[in-house]
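Here is the structure we will look at.
Please treat every number below as a calculation from the coordinates, not as lab data. All values reported here derive from a predicted model rather than from experimental measurement. Cβ: placed from backbone, ideal geometry, glycine included. Neighbour counts: every protein chain shown.
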RNA sequence: GGGGUUGUAGCUCAGAUGGUUAGAGUGCCUCGUUGACAUCGAGGAGGUCACAGAUUCGAGUUCUGUCAGCCCCACCA
């Protein structure tokens, strides 16, 4: 029988296995295949760069669910693809152009886009390749891109319909503007960061010379655009001043003092300067009071023309100049330190400038209502549930979505402006004549759409929508969306809204949320910190299976997890353990008859025990997968395969394996292969490569493991008997093993050295179990010879398990005092426990209110403890009288 | 300002619907290389489950409050 190398070296086989899966079309899905649909659409990675640890986690979770369902026999589709990532990708390409000494404007729109497509080709492929190295079992034949023809058609259709329904509109509004990216941003693309700034107190004189009013501002440079000063209508300090005219310092513009309830009486001086063109609140107030909008800051962050010496200055340089000039003019009262939140571009971290410009918006309120309802009704569920609150809270306070971006890379907005009659035409197909005036002077809107607009359609645009494809019918709504909590607002809510709007159904039944992967110190992995760990490098060194296993164990849904190498190594060691257990089995397969099936009578305690363990884990692992508790499922498999199978069963199997009874050997081989093969299938979703390569070598399996059936308890039913006492018996034996090992260690005896053991069992059942399985004590604890005694030997170390006393007789004298001290310590512990249990059992209320089962088990515990106590006391007595 | 979340062994984390004497990985200490595995085996030390109350026969687990950390949302200039 073929054998495998001594150590687990994933690098030697992972690539090959993946290639074989792909070659054999194991990932392939058709809509008309049998089985209930199970579908996940991948959160499309950006084509900006390469796979990072966050992707590795996201893909691993998805692949586990996908592989599990595929094995379960569901018609399983994992739709792969990538995202064009408008701003981010454009910025990357512009960066590389800068390195070449040119820029996009020199290149022109068309040439520039060619460059971006080249970039897409390169990095999109790299991402797909890296997903493969992780083992992701996507249906690659269906790979999509947010800007491919199908997605583009979907985008156009959605845009036009929303426009026609009045849900998309174009308006001149104040929006967040990034002076560096040179584009508008939506509200959620702005990150607010607390910054230590200043609060400048300024005095604005009244026109009539009757003094001045003091205002406070954090942005003095915007005063050039002030067109009013506001106070609260009920502010006694200013009540009778409202309506007066002020002279704006430095500019000498006449501006009104008016009242608006927006103003907070308690902040600053209670009087606020109003700059409608550069502050969202001032903009609103400006509309309410018909104030002029004076734009003083350009899109690039410099000061506008017509501002005299300030024109052309950078906004922050200008601030310094203004402050200087205000001070010189006697308008500056004082400067205070002030901590306040400042908006930054989430992409480049430049301070955002609120500016007035013409942008396209999506009206959110009518779209949001059904999205809220879908979650409230339970049609869509978040895992963990707590995220529903965040989701609903956000949707209930939603504001219109600015979807136009002044970029080139993205879906160009399908709108045309007629220069002849001023008409705006929005159309799914390109337009070359104005339907209104038949003029030919049409200009296409240059702006592109926010990246998330196309991402929002991903669950159905990838399935062929707007055509009613078989895929759409079969797989929509998809089953689960797996994503990080950081993009719930960006993506999840928008997919839900668009899915409900255009398909009339939620895009997915469950949203499975995971946390962020952090570094060993708990910090976010970022480029600026340089603390990112490259998954490709980890895979190269430890294997994809180890990385995957590490990413799912030891964490719970929705919580962040820390990445540290020791954890990957632990996972790798687990893989190596399985590797070697398999190696052991493979080297002992001689004489294996794959048609042999033992009868129940052939099975001994260890066989029945391990088969029951497997059956139990089939149940609990499946349950945990159903609950999305992948970490717990993985933990249980670790326990089954390492502790139960390797540490106990394999050791116990050796005697019969090397023995002379052929039927016993056949039986043990059957059990070994059954457990390993079943365990591999359970483990396959987590560690696909390792389980595949090993299972292919097993004589009791055929075909790819990824297409093998998910284990069922039913497979083992011939060997299971829930009430045969197997577990109690196994507990007794294994506890006895522990005690013998323990005593040996206490005496400094080599754990593998054969040591005589004396047993004293008063209970007939216990005695029978021990007598039938003495070999296990020899195999696991190297106890030999083992004898039964009615009396406690004098010179011996002793231990207790259930009702059984275990002695290690000593040839020479034992250190009696030390042994007494040890036993007394144990006695104390037992007495404490028995006292508290006894107290519990004397408590009337416990007896009357606790379930009978609990009371009963407490009684049993107490009597067991009392038995042990008396036995220990006897023993101590005996030793003291020596 | 609102909301969320975390606080369990030196470190990183599990402990679903409250019920054995609270677990794992890693680190540490002792011992062990006669063919599955030193990426290993055996044993050990190490925890008043942040703190204070409440509910309950019973709380690491439920509730309230306090302290500490992290995160998200938010138009106080």
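Some points to look at:
- For chain A, the longest principal axis of the Cα atoms and the long axis of helix A:662-683 meet at an angle of about 10 degrees.
- Region A:161-264: antiparallel DSSP beta bridges as a percent of all, rounded to 5: 80
- Three-way shape label, region A:488-630, alpha-carbon gyration tensor, a/c 1.5: oblate
- 0 to 90° range, to nearest 10: angle between helix A:53-72 axis and chain A longest Cα axis: 60
- Helix axis angle, A:493-503 relative to chain A longest principal axis, alpha carbon, degrees: 80
- Helical contribution to [θ] at 222 nm, DSSP H n ≥ 4, -39,500 (n - 2.57), averaged over chain A, rounded to 500: -13500 deg cm²/dmol
- Centre separation in Å (Cα based) which lies between region A:857-882 and region A:538-576: 46
- DSSP beta bridges in chain A [antiparallel fraction, %, rounded to 5]: 70
- Computed label-point distance, nm, for sites residue A:369 and residue A:841 using a 7 Å Cα→Cβ extension: 6.5
- Whole-number D in µm²/s for region A:653-706 (Stokes-Einstein; Kirkwood sum over Cα pairs; 10 °C, 1.306 mPa s): 133
- Global form of region A:329-443, assessed from the alpha-carbon gyration tensor, a/c cut-off 1.5: oblate
- Note that region A:722-789, at 20 °C in a medium of 1.002 mPa s, gets a Stokes-Einstein diffusion coefficient of 174 µm²/s from its Kirkwood radius over C-alpha pairs.
- Quotient of Cα Rg and 2.2 N^0.38 Å for region A:406-556, N being how many residues it contains: 1.50
- Order of A:27, A:549 - criterion: other Cβ atoms within 10 Å of each residue's Cβ, fewest first: A:27, A:549
- Net length gained if the chain between residue A:28 and residue A:747 were fully extended (0.36 nm per residue, minus Cα distance): 252.7 nm
- Rounded to 0.05, the FRET efficiency of the residue A:109 and residue A:187 pair, given R0 = 22 Å and the Cβ-Cβ distance, is 0.20.
- At 1.567 mPa s and 4 °C, Stokes D of region A:58-126 from Kirkwood alpha-carbon radius, µm² per second: 88
- Global form of region A:113-160, assessed from the alpha-carbon gyration tensor, a/c cut-off 1.5: oblate
- Separation of alpha-carbon centers, region A:72-100 and region A:609-641, rounded to whole Å: 36
- Rg and Dmax, both from the Cα atoms of region A:615-704 and both in Å, are 14.3, 47.
- Computed from label points 7 Å out along Cα-Cβ, the spacing between residue A:573 and residue A:417 is 6.7 nm.
- Order of A:381, A:239 under a 10 Å beta carbon neighbour criterion, fewest first: A:239, A:381
- Panel order for A:272, A:431, by other beta carbons found within 10 Å of each beta carbon, from fewest to most: A:431, A:272.
- The Kirkwood hydrodynamic radius of chain A, based on inverse pair distances between different Cα atoms, is 33.3 Å.
- Calculated P(r) tail over 16 Å for region A:386-443, as whole % of Cα pairs: 62
- Annotation for residue A:860 and residue A:616: the two label points, set 7 Å from Cα along the Cα-Cβ direction, are 1.4 nm apart.
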